[in-house]
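First comes the structure, then the notes that go with it.
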Amino acid sequence: MTEGIIAPTGKFDPLKFSEMGSDASNAWMRHAEVKHGRVAMFAFVGFIVQANGIHMPGDIATGVSFESISQLKPLEQWAAVPALGQIQILTLLGCFELLSEMEKPHYMKGGKTGVIPLIFAAPQMSAMSEDKKADLRLKELQNGRLAMVGIMGFFAAS
């Protein structure tokens, strides 16, 4: 059974995307789904944290406190972050993107999708069986799918 197909819905592909492409293009789409799911999970948690008024102490930049930014609506907060802070955040995310593309074998050439090099993986991952790892990947995929729906709901409501 293809990883990501879950009960009770089974294979959900009404537009037949999986039949249009090759194995490599399907791996690319799965990798994109995993990455978008991870971003959505972070965004969902961040949205909830912000909505509850939780913020870090101190200043994000000279004269700009985390508290002042936390008073804004979630979608306005990014614009309130100074430009150099935005560049730092995007650079860090770009590094994670680059690292995921450097994994060997590449996901488009038979490697696992969504893998981040071991330096970022939990130490206990190497001791887990392949079945346990597959189960955790499926749970991450399911949670990511739900988070994508959830964060879009938050965006629509705000």
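Between 0 and 90 degrees, the angle of helix 130-157 with respect to the longest Cα principal axis of the chain falls at about 40 degrees. Counting only lysines at least 8 places from LYS104 when in the same chain, those with an alpha carbon closer than 20 Å to its own are LYS35, LYS112, LYS133.
For region 10-79, applying the loop criterion from DSSP together with a ceiling of 15 other beta carbons within 10 Å to the chymotrypsin sites (Phe, Trp or Tyr not before Pro) yields PHE12.
Going by accessible surface with a 1.4 Å probe and the largest first, HIS106, HIS31, HIS36, HIS55 read HIS36, HIS55, HIS106, HIS31. Can you tell me the convex hull volume per residue for region 46-105, based on C-alpha atoms, in Å³ to the nearest whole number? Spelled out: Cα convex hull of region 46-105, divided by residues, is 106 Å³.
With a simple spin-label model that places each label point 7 Å from the Cα along the Cα-to-Cβ direction, the separation between MET102 and MET29 comes to 3.0 nm. Against the main long axis of the alpha-carbon atoms of the chain, helix 23-51 sits at an angle near 30°.
State the volume of the convex hull built on the alpha-carbon positions of the chain, expressed per residue in Å³ and rounded to an integer.
Enclosed volume per residue, from the Cα hull, is 163 Å³.
Computed log10 I(q)/I(0) for region 1-90 at 0.20, 0.21 Å⁻¹: -0.96, -1.03, from the Debye equation with unit scatterers placed on every C-alpha and solvent omitted. Loop-located trypsin sites (Lys or Arg not before Pro) in region 1-70 (DSSP state other than H, G, I, E, B) with a sparse environment of at most 11 neighbouring Cβ atoms within 10 Å: LYS11, LYS16. Using a Gaussian network for the chain with springs between C-alpha atoms less than 10 Å apart, which of these wobbles most: ALA83, ALA51, ALA24? Taking springs between Cα atoms under 10 Å, the residue moving most is ALA83. Within a straight-line Cα-Cα reach of under 19 Å, LYS11 can be paired with the following lysines, leaving aside sequence neighbours fewer than 8 residues apart in one chain: LYS139.
The values are calculated or read from the model by the stated rules, or taken from the named source; none is laboratory data. Because the structure is predicted, anything quoted here is derived from the model rather than measured. Note that we place each Cβ from the backbone using ideal geometry, even for glycine, and neighbour counts take in every protein chain shown. These accessible areas exclude ligands, DNA and RNA; they are computed on the full protein's heavy atoms, side chains included. Shrake-Rupley method; radii C 1.70, N 1.55, O 1.52, S 1.80 Å.
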